[in-house]
Amino acid sequence: MDRQQIEGRHAVAEAQRAGHPLDKLFVLDGCKDGPVSSIVRKAKKGDTVIRFVSRERLDQLSETGNHQGVIAYMGAYTYATVEEILQRARDRGEPPFLFILDGIEDPHNLGAVIRTANQAGAHGVIIPKHRAVGLTAGVARASAGAINYTPVARVTNLARTIETLQKEGIWIICADMKGPVMYQVDMKGPVALVIGGEGAGVARLIREKCDFTASIPMKGDVDSLNASVAAGILAYEAVRQRMAPR
């Protein structure tokens, strides 16, 4: 796919703020909303083709069902390489902090994890090419603009990528209900958190490649958490540890 569709006022505005040129912009005809007007003003300063259309037309174009009166098209999101993500950590003078997502198929979950990764200061997210969602319009919207700032690498073989990261001195920590409680797992150094997909969790082969497992303490009546929620909890345990005085 050579063009990316983004929907919603915040997602489109963040794309503009990040410096991504918009090829085409569809706006609800007659809309006087402030954020939408700001998007249109910025688009007019560039080469963006702007079309004012009916709500019915926007509904037809929408992939998310929640366009908020604005849909934009731009060049497809460019995936980073794993090496570029690691270089980002080096440039910041920080121990690498990554997310590895195994088989997440829900765009909202992937977008939410990218958003969490951005807020938690992670250097990037790694996803597989197969049996998982890529960077779609729904992912962009769910990320609330974080997709423009947090690099995402898409790899053919997660297991091999994990081996590469381990050779770089990065500890791989797998979210697993049978592992020790996360408070007992050292996340202060170079780490990658492995989060499994909806339902199936982390595949056995991937889990066996990991150096450690970490569980989230749960007191309720269900035995699992949504993938993006689990990622958020583990991410901020890592943040807590990494911010603690040494």
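No other residue among Gly93, Gly103, Gly124, Gly30 is more than 21 Å from Thr164 (Cα to Cα) and not hydrophobic (A, V, I, L, M, F, W, C) apart from Gly30. Number of residues in the stretch 1-22 that are in contact with a strand residue (DSSP E or B) (Cβ under 7 Å, 6 or more places away or on another chain), exposed (fewer than 15 other Cβ atoms within 10 Å of the Cβ) and of a type in the set (D, E, K, R): the value is 1. Within the stretch 184-196, at least one residue is surrounded by 19 or more Cβ atoms within 10 Å (Cβ to Cβ), β-branched (Val, Ile, Thr) and more than 21 Å from the chain's Cα centre (by Cα). For the stretch 60-102, a tally of residues being open to solvent by 20 Å² or more (accessible area, probe 1.4 Å), assigned to a loop (DSSP other than H, G, I, E, B), in contact (Cβ under 8 Å) with a residue 12 or more places away in the chain and among the small types (Gly, Ala, Ser) returns 2. Of the numbered criteria (1) open to solvent by less than 20 Å² (accessible area, probe 1.4 Å); (2) in contact with a strand residue (DSSP E or B) (Cβ under 9 Å, 6 or more places away or on another chain); (3) modelled with pLDDT under 95, the one Gly111 fails is (2).
The residue that is farthest from Thr156 (Cα to Cα), counting only those in the stretch 120-130 that are in a loop (DSSP other than H, G, I, E, B) and either free of Cβ contacts under 8 Å to residues at least 60 places away in the same chain or among the aromatic types (Phe, Trp, Tyr) (or both), is His123. Taken over the stretch 136-154, residues that are farther than 25 Å from Gln241 by Cα, surrounded by 19 or more Cβ atoms within 10 Å (Cβ to Cβ) and out of contact with any Leu (no Cβ under 8 Å at 6 or more places or on another chain) amount to 8. Looking only at the stretch 1-22, filter to residues that are over 18 Å from the mean Cα position of the chain (by Cα), touching a residue at least 60 places away in the same chain (Cβ under 8 Å) and not in a helix (DSSP H, G or I); which one of those is nearest to Met74 (Cα to Cα)? So, considering only residues that are over 18 Å from the mean Cα position of the chain (by Cα), touching a residue at least 60 places away in the same chain (Cβ under 8 Å) and not in a helix (DSSP H, G or I), the one nearest to Met74 (Cα to Cα) is Arg3. The residues in the stretch 23-52 that are open to solvent by 70 Å² or more (accessible area, probe 1.4 Å) and in a loop (DSSP other than H, G, I, E, B) can be counted, and the count is 4.
The values are calculated or read from the model by the stated rules, or taken from the named source; none is laboratory data. Quantities reported herein were computed from a predicted structural model and do not represent experimental measurements. With ideal geometry, Cβ positions are generated from the backbone for all residues, glycine too; neighbour counts draw on all protein chains shown. Note: accessible area is taken over every heavy atom of the protein model, side chains too, but ligands, DNA and RNA are not part of it. Shrake-Rupley method; radii C 1.70, N 1.55, O 1.52, S 1.80 Å.
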